[in-house]
Amino acid sequence: MSDEVFRVGGRPITVTHADKVLIPDGDITKRDLAAYYAAVAPAMVPHLRGRPLSVQRFPDGIDRGGFMQKHTPPAVPTWVHHAEVDKVGGGTVDMYVADNAATLVYLANQAGLTLHPWLSTVRAVHKPDRLIFDLDPSGDDEFETVRMAARTLHGILDELGLRSFPMTTGSRGLHVTVPITPREDFDTVREFALDVARELVARHPDDLTTEVRKTDRDGRLFVDTLRNAYGQHAVAPYSVRPLPGAPIATPLDWSEVDDHKVTARAYTLREIESRLAKIDGDPWDGIGRQARSLAGARRRLARFGAT
């Protein structure tokens, strides 16, 4: 298998065994993965910058299984940033921080298929600046319920004075992300997220649930707020998923959620560049500037009678 040199940000990066197939359905090679991450970096890096990063790697392709790497190796190039953060059970761990396009290509060479950033930055690692609702169906035939839940959640968050941003997960459901000011700890933010989820469920109790146990859901869609905890992560916008065809976790405009052509796996690695050109850039551009404090939202939510 041949190697190939990519020049990214003025740096030559050798992708070894560039012809190795990582996703057979779609014939996605390491070359394809590196080229994709180099091309999408202007839209993707702002969503990763400054955040601890876990990397889901598949050195022998998705058919042979992979693993989640949460620590950097002993030696990395100087331009690959990393930071030491507290571990949940005590001690510390040194984690990747993808601050530039070259790092994305470096990780692609490691068969880093899927990137999972934290909901906080290394500057304030215990205080999240993102809040995530994961609308997680149990099967592939429930996307209309996902769509309904997302629309209702959008309305609730608007009532609370919070901006929200939808994204296909590239797997089965949608994530709804809320940018917040990093003033409160994870436990406090997670409690607020659960209160919002309960309000959402109260509006559609026959279709939605916050029950963690699958046996207690009775076929209802799970509104998952468990990612809002220290040390947890969520799939990155524009990340490739380890699934047939290489679907992408794709940021959307809210108007697209009602488009019945849009499903969890609507966009793939081979389509994102044309999508970004067609819609004139990232729908989530500037998301950080939309961050709001939860203090006012919490008072408004209390008036709903949900807390």
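The values are calculated or read from the model by the stated rules, or taken from the named source; none is laboratory data. Everything numeric in this text was worked out from a predicted model, so none of it was measured. With ideal geometry, Cβ positions are generated from the backbone for all residues, glycine too; neighbour counts draw on all protein chains shown. We work out accessible area using only protein heavy atoms, side chains counted, and drop any ligands, DNA or RNA first. Shrake-Rupley method; radii C 1.70, N 1.55, O 1.52, S 1.80 Å.
Numbers below:
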{"quantity": "Identity of the residue in segment 39-62, charged (D, E, K, R) and touching a Leu at 6+ places or on another chain (Cβ under 9 Å), that ends up farthest from Trp118 (Cα to Cα)", "calculated": "Asp60"}
{"quantity": "Residue satisfying all of: in segment 63-92; outside any loop (DSSP other than H, G, I, E, B) and over 18 Å from Arg123 (Cβ atoms); least open to solvent (accessible area, probe 1.4 Å) among these", "calculated": "Gln69"}
{"quantity": "Tally of residues being open to solvent by 60 Å² or more (accessible area, probe 1.4 Å) and among the polar types (S, T, N, Q) across segment 247-273", "calculated": "1"}
{"quantity": "One residue from Asp224, Asp185 being open to solvent by less than 40 Å² (accessible area, probe 1.4 Å) and at pLDDT 95 or above", "calculated": "Asp224"}
{"quantity": "Val176 open to solvent by less than 30 Å² (accessible area, probe 1.4 Å), out of contact with any His (no Cβ under 6 Å at 6 or more places or on another chain), closer than 20 Å to Tyr238 by Cα and not hydroxyl-bearing (Ser, Thr, Tyr)", "calculated": "yes"}
{"quantity": "Given (1) open to solvent by 20 Å² or more (accessible area, probe 1.4 Å); (2) in contact with a strand residue (DSSP E or B) (Cβ under 8 Å, 6 or more places away or on another chain); (3) at negative phi, index of the condition Glu159 fails", "calculated": "(2)"}
{"quantity": "Test: residue in segment 237-246 that is within 19 Å of Ala39 (Cβ to Cβ), of a type in the set (Lys, Arg) and open to solvent by less than 30 Å² (accessible area, probe 1.4 Å)", "calculated": "no"}
